[in-house]
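The values are calculated or read from the model by the stated rules, or taken from the named source; none is laboratory data. These numbers were taken from a predicted model, which means no experiment stands behind them. Here the Cβ is made from the backbone with ideal geometry for all residues, glycine too, and neighbour counts use every protein chain on show.
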Amino acid sequence: MSFTDLQSIDHAVHACTNCALSEQRTKAVPGEGASNAGIMFIGEGPGYHEDRQGRPFVGPAGQLLDKLLASIGLKRADVYITNMVKCRPPSNRDPFPGEIQACSGYLDAQVKLIAPRVIVTLGRHSFGRFFPSESISKARGKARTWKGQTIFPIYHPAAAGRTAQSGADARARRGLPEAEDDAGEQCCPCSAAGAGRAAAFATLDVLAVMRRVSPCPGCV
Ligand code: SF4
């Protein structure tokens, strides 16, 4: 696929029938953000809310991503956010390899046009696109190089949110205040207090990305 601007990619995605995911979508979700973004976030695929609105990361995981960005002084308009597949897999199942392959030309074109300094992969599928034989749990939080491009893998915000919620539930069952369980994870004034273990990891991971792109005055 050859595109000269992001708008032509958006139009092609909205009209695309290259895989079966087109049959059940409400709206395709090409991606959104700055065309010259220094950081590009790549998730796995649209969920229920994204499918309804045609925008990436607008459900609970997106709200957590917004908080993570805010914790480092960024808005979503400052970055570019997209997914491996641009149409929602039924029941939010994992995208099939054939669907990822069918959609890969759009993502390749977005990366080429935006030319971000850092690609942040959200979750194991988008990490696996670049490093298919490696584990996200071991790779997360460390910058890598892939064909000259800096890749920074972090957990998917949805997983962080679920872990944060289960952590909050466990704290409630044990009668612990939020800060008691999370105290060990707070090592930076920018950290999201009380966000839970995985969410705190994700926050710190994003902070590490930002230090790489532009130092945070509150942390250096
Ligand atoms: S997921 Fe990608 S390849 Fe499949 S129909 Fe949607 S835009 Fe086309």
**OP:** Residue by residue through region 28-47, note down the ones that are among the β-branched types (V, I, T) and away from the ligand (no atom under 12 Å from the Cβ).
**Re:** I39, I42
**OP:** Could you look through region 24-50, keep only residues that are within 14 Å of the chain's Cα centre (by Cα) and small (G, A, S), and pick out the one that is farthest from A109 (Cα to Cα)?
**Re:** G47
Original post:
Quick check, is K112 surrounded by fewer than 21 Cβ atoms within 10 Å (Cβ to Cβ) and in a helix (DSSP H, G or I)?
Top reply: yes
**OP:** Output the residues belonging to region 51-79 that are in a helix (DSSP H, G or I), under 13 Å from the mean Cα position of the chain (by Cα) and not aliphatic (A, V, I, L, M).
**Re:** P60, G62, Q63, D66, K67, R76
Original post:
Would you say R88 is in contact with a helix residue (DSSP H, G or I) (Cβ under 7 Å, 6 or more places away or on another chain), of a type outside the set (S, T, N, Q) and more than 16 Å from the ligand (Cβ to nearest atom)?
Top reply: no
**OP:** Specify which of the listed residues (R76, R52, R129) is within 19 Å of V13 (Cβ to Cβ), touching a residue at least 60 places away in the same chain (Cβ under 8 Å) and among the basic types (K, R).
**Re:** R129
Subject >> region 85-107, subset under 15 Å from I42 (Cβ atoms) and among the small types (G, A, S), residue surrounded by the most Cβ atoms within 10 Å (Cβ to Cβ) >> reply: G105
Subject >> Residues located in region 96-107, provided they are within 12 Å of the ligand (Cβ to nearest atom) and more than 15 Å from the chain's Cα centre (by Cα) >> reply: F96, G98, E99, I100, Q101, A102, C103, S104, G105, Y106
**OP:** Report the residue count in region 6-27 for those that are surrounded by 18 or more Cβ atoms within 10 Å (Cβ to Cβ), more than 6 Å from the ligand (Cβ to nearest atom) and either in a loop (DSSP other than H, G, I, E, B) or among the hydrophobic types (A, V, I, L, M, F, W, C) (or both).
**Re:** 4
**OP:** Select from region 54-110 the residues that are of a type in the set (S, T, Y) and modelled with pLDDT of 90 or more and list them in ascending order.
**Re:** Y80, T82, S91, S104, Y106
